[in-house]
Amino acid sequence: MHQFHYSGPDLHCESVDLAAVAKLYGTPTYVYSAGTMADNYRRLRQGFAALDPQVCYAVKANSNLAVLRHFANLGAGFDLVSGGEIRRVLAAGANLRTSVFAGVGKTEEEIRLALENGIFALHVESEPELARINHVAGQLGVQAPIAFRINPDVDAGTHAKITTGKADNKFGIPLRQATAAYEAAAKLKHIAIRGVQMHIGSQLTEAGPFAAATEKVGALAAQLKANHGITYFSIGGGLGIVYQDALASGAAAWWEALPPERRPLTPEAYGAALTPFLAPLGLKVLLEPGRFLTGNAGVLLARVEHLKRGAGRNFLIVDAAMNDLVRPAMYDSYHEIVPLHRDSSRRALVADIVGPVCETGDCFARDRSIQEVGEGELVALLSAGAYGFAMASRYNTRALPAEVLVQGSMFELVNARETFDRVIALEKIPAFLK
């Protein structure tokens, strides 16, 4: 559920009219609901209440400093995958005491940064990486807390580009090699074994793959607790969100109207499915959600440039583009698109909703039915709070969009729209071309 809704004919985020945000800050602009993020965080913790889990927000989903500070204030740690993300968390005024550092290609500089700032644990993805961590920890004169990321070879049943738990994915070490890897780690002077970790993919909508992976790695975790004294089991993230019917899903009535077998996986059902496997282990449980916390908590506002009527196809051209929100172009993903001002007297229009970038792939929706909207009117692309701005680019020399955070009736710009001067600030023409 989320807090985007129509109040009368106008789309609101919490108590804020989104048209007012667009009027003040222009478009394209991302708008995030602090209330939705907080609700999602609390529901996820409540789903695993019997285990008192530590939530480590996956920074890659949405790394805005205000978003990071918001989650830190709620009690979250962070799931980090780069030195830049570590620096972002520190810049947001948070610390790394309950945070973990993952990723298949950690550099020595990044490992040093994590250790110097008191990281809770490094999630190791290979034995060569373990040797590198041991080397850096030795230079610092410390023991590096680690857990191996285990690849359980479980098919998450999600998009091929975001599945991470199969044997042919680049992530983690195979389950069959885990015991030997931990035995090797135990012999290293500057390594302290702390836990075990897994993550099988993103946007999972059924509990089955989670349960299968947890059962398989849980058996290993019990063995590691006995042999190496591990204290935690991180089960990763991946809980999916609603993309189709996203606006309706903000209301409890929408969920209640669905038969139980058709309801999307909720944090309550997620927790209920995994707790029986986790509780007997007696280990601290870490959760690493990203999309679930922020995905439905954000929208991308765009302005209609004009309607182009083609040969048998209409094109509704908006000022947002694939550089602002790349998911439809990269993953063929669905985002619901709605007008900011709803008018039941208008006819429906069927059109491709596209941006101005010089690529055929710059298309948010094909043959989509939407209320007729004219030049200068506003639309919102829903479920854009995760992997939206975080994956934005300057393709076609388009400046990065603005970001706004809403809480109740308050809203504030938390990332100003990029200027052209900033876009080219680090570029130069060499002397030999002058």
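Selection within region 380-430: residues that are β-branched (Val, Ile, Thr) and more than 22 Å from residue 291 (Cβ to Cβ). The member of this set that is surrounded by the fewest Cβ atoms within 10 Å (Cβ to Cβ) is 429. Within region 332-353, count every residue that is in contact (Cβ under 8 Å) with a residue 60 or more places away in the chain and either under 31 Å from the mean Cα position of the chain (by Cα) or surrounded by 15 or more Cβ atoms within 10 Å (Cβ to Cβ) (or both). Total satisfying the criteria: 9. Here region 188-239 is the region considered, the condition is being surrounded by fewer than 19 Cβ atoms within 10 Å (Cβ to Cβ) and in contact with a Ser or Thr (Cβ under 9 Å, 6 or more places away or on another chain), and the residue that is farthest from residue 147 (Cα to Cα) is 205. If the condition is being β-branched (Val, Ile, Thr), within 20 Å of the chain's Cα centre (by Cα) and farther than 23 Å from residue 230 by Cβ, then region 82-140 contributes 86, 89. Residues in region 277-318 that are under 18 Å from residue 4 (Cβ atoms), within 15 Å of the chain's Cα centre (by Cα) and among the aliphatic types (A, V, I, L, M): 293, 297, 299. Answer yes if at least one residue in region 51-71 is farther than 14 Å from residue 103 by Cα, acidic (Asp, Glu) and in contact with a Lys or Arg (Cβ under 9 Å, 6 or more places away or on another chain), and no otherwise. Yes, some residue in region 51-71 is farther than 14 Å from residue 103 by Cα, acidic (Asp, Glu) and in contact with a Lys or Arg (Cβ under 9 Å, 6 or more places away or on another chain).
Taken as a whole, region 16-34 holds no residue that is in contact (Cβ under 8 Å) with a residue 60 or more places away in the chain, under 20 Å from the mean Cα position of the chain (by Cα), farther than 30 Å from residue 393 by Cα and not assigned by TED's automatic domain parsing to the domain that holds residue 284. Within region 152-203, restricting attention to residues that are part of a strand (DSSP E or B) and at pLDDT below 90, the residue that is nearest to the chain's Cα centre (by Cα) is 201. Residues in region 351-373 that are over 16 Å from residue 323 (Cα atoms), among the hydrophobic types (A, V, I, L, M, F, W, C) and in a loop (DSSP other than H, G, I, E, B): 373 alone.
One residue stands out in region 396-409 among those that are closer than 11 Å to residue 13 by Cβ and not β-branched (Val, Ile, Thr): the one that is nearest to the chain's Cα centre (by Cα), namely 405.
Checking 143, 139 one by one, the residue that is among the polar types (S, T, N, Q), at pLDDT 95 or above, surrounded by fewer than 16 Cβ atoms within 10 Å (Cβ to Cβ) and more than 30 Å from residue 329 (Cα to Cα) is 139 and no other. Here 61, 131, 121 are screened, and the one residue that is touching a Pro at 6+ places or on another chain (Cβ under 7 Å) and either assigned by TED's automatic domain parsing to the domain that holds residue 206 or under 30 Å from residue 334 (Cβ atoms) (or both) is 121. Would it be correct to say that residue 11 is touching a helix residue (DSSP H, G or I) at 6+ places or on another chain (Cβ under 6 Å), under 19 Å from residue 292 (Cβ atoms) and either crowded, with 19+ Cβ neighbours inside 10 Å or not acidic (Asp, Glu) (or both)? When the stated conditions are applied, residue 11 does not pass them. Residues that are small (Gly, Ala, Ser) and within 30 Å of residue 409 (Cα to Cα) number at least 1 in the following strands (runs of 3 or more DSSP E) confined to region 3-119: 4-7, 29-33, 54-58, 77-80. Being of a type outside the set (Val, Ile, Thr) and closer than 28 Å to residue 280 by Cβ is a property that residue 117 lacks. Within region 374-385, restricting attention to residues that are in contact with a strand residue (DSSP E or B) (Cβ under 7 Å, 6 or more places away or on another chain) and either part of a loop (DSSP other than H, G, I, E, B) or acidic (Asp, Glu) (or both), the residue that is nearest to residue 58 (Cα to Cα) is 385. Which of the residues belonging to region 307-331 are of a type outside the set (Gly, Ala, Ser), more than 19 Å from residue 369 (Cβ to Cβ) and surrounded by fewer than 16 Cβ atoms within 10 Å (Cβ to Cβ)? Within region 307-331, 330, 331 qualify.
Of the residues in region 25-37, at least one is farther than 17 Å from residue 247 by Cβ and among the aliphatic types (A, V, I, L, M). Taken over region 114-135, the criterion of being surrounded by fewer than 21 Cβ atoms within 10 Å (Cβ to Cβ) and among the hydrophobic types (A, V, I, L, M, F, W, C) is satisfied by 131 alone. When region 58-89 is examined, which residues are found to be hydroxyl-bearing (Ser, Thr, Tyr) and out of contact with any Gly (no Cβ under 8 Å at 6 or more places or on another chain)? Scanning region 58-89 gives a single hit, 63.
The values are calculated or read from the model by the stated rules, or taken from the named source; none is laboratory data. On a predicted model such as this, the values are computed, not experimentally measured, just so you know. Here Cβ is always computed from backbone atoms with ideal geometry, including for glycine, and neighbour counts include all displayed protein chains.
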